[in-house]
Amino acid sequence: MKTGWAALAVATVMLMAGGCGQANQSTSKVPADAVKVKVVASDFKWSLSQTDFAVGKPIDFVVSSKQGTHGFSIDGTDISQTVSQGDAPVNVVFTPKKAGTYTIRCDVYCGSGHQDMVAKFHVH
Ligand SMILES: [Cu+2]
């Protein structure tokens, strides 16, 4: 008693259109005169390509993560941008209105070193 010809009725459902990660870049909002700064998050630190800026000049933080998921935030502002490993870099524009030292923190819990994910930059 064989089921004969029904044997290979394997539905080859192909996952054709599913795998394309959309690069969600918001570059349109970046002012032309913005200073570009590369920001890379990892466990558990921020690394910035530049840490001194001018009052009133827009800063374009180009934020990515090379390890894990983190939240790029700046104390005293409403900036809060989650970045995950493998995602396209995200442009976070901030125009400092006052001179001083600003503090970047991680606002997405990322593990044992989360509290230590603090970086400073200076506005003159
Ligand atoms: Cu964190």
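The values are calculated or read from the model by the stated rules, or taken from the named source; none is laboratory data. Keep in mind it's a predicted model, so treat the numbers as computed, not measured. All Cβ positions, even for glycine, are placed from backbone atoms using ideal geometry, and neighbour counts span all protein chains on display. We work out accessible area using only protein heavy atoms, side chains counted, and drop any ligands, DNA or RNA first. Shrake-Rupley method; radii C 1.70, N 1.55, O 1.52, S 1.80 Å.
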List the residue pairs whose Cβ atoms are under 8 Å apart, where the first residue sits in the stretch 52-71 and is modelled with pLDDT of 95 or more and more than 16 Å from the ligand (Cβ to nearest atom), the second is basic (Lys, Arg) and open to solvent by 30 Å² or more (accessible area, probe 1.4 Å), and the two are 6 or more positions apart or on different chains.
Val55/Lys97; Val55/Lys98; Gly56/Lys97; Asp60/Lys36; Val62/Lys36; Val62/Lys38
Quick check on my filter: what residues within the stretch 29-53 are within 14 Å of the chain's Cα centre (by Cα) and loosely packed, with under 13 Cβ neighbours inside 10 Å?
Ser47
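Of all the residues that make up the stretch 72-89, how many are open to solvent by 20 Å² or more (accessible area, probe 1.4 Å) and either under 15 Å from Gln50 (Cβ atoms) or within 16 Å of the ligand (Cβ to nearest atom) (or both)?
Taking the stretch 72-89 as the starting set, the residues that turn out to be open to solvent by 20 Å² or more (accessible area, probe 1.4 Å) are 75-82, 84-89.
Now narrow it down to the ones that are either under 15 Å from Gln50 (Cβ atoms) or within 16 Å of the ligand (Cβ to nearest atom) (or both): 75, 79-82, 84-85, 87.
So the answer is 8.
Give the residues of the stretch 37-47 that are within 16 Å of the ligand (Cβ to nearest atom) and either farther than 21 Å from Tyr109 by Cα or of a type outside the set (Phe, Trp, Tyr) (or both), sorted by residue number. Spell out how you get there, then give the answer.
Just the residues of the stretch 37-47 that are within 16 Å of the ligand (Cβ to nearest atom), to begin with: 39-47.
Answer for the stretch 37-47, where residues must be within 16 Å of the ligand (Cβ to nearest atom) and either farther than 21 Å from Tyr109 by Cα or of a type outside the set (Phe, Trp, Tyr) (or both): Val39, Val40, Ala41, Ser42, Asp43, Lys45, Ser47.
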Does the stretch 90-115 hold any residues that are within 11 Å of the ligand (Cβ to nearest atom), out of contact with any Gly (no Cβ under 6 Å at 6 or more places or on another chain), in a loop (DSSP other than H, G, I, E, B) and open to solvent by 30 Å² or more (accessible area, probe 1.4 Å), and which are they?
Tyr109, Ser112
Of the residues in the stretch 54-71, those that are open to solvent by less than 10 Å² (accessible area, probe 1.4 Å) and over 11 Å from the mean Cα position of the chain (by Cα) come to Ile59, Asp60
All but one of (1) under 17 Å from the mean Cα position of the chain (by Cα); (2) in contact (Cβ under 8 Å) with a residue 40 or more places away in the chain hold for Asp107, so report the exception by its number.
(2)
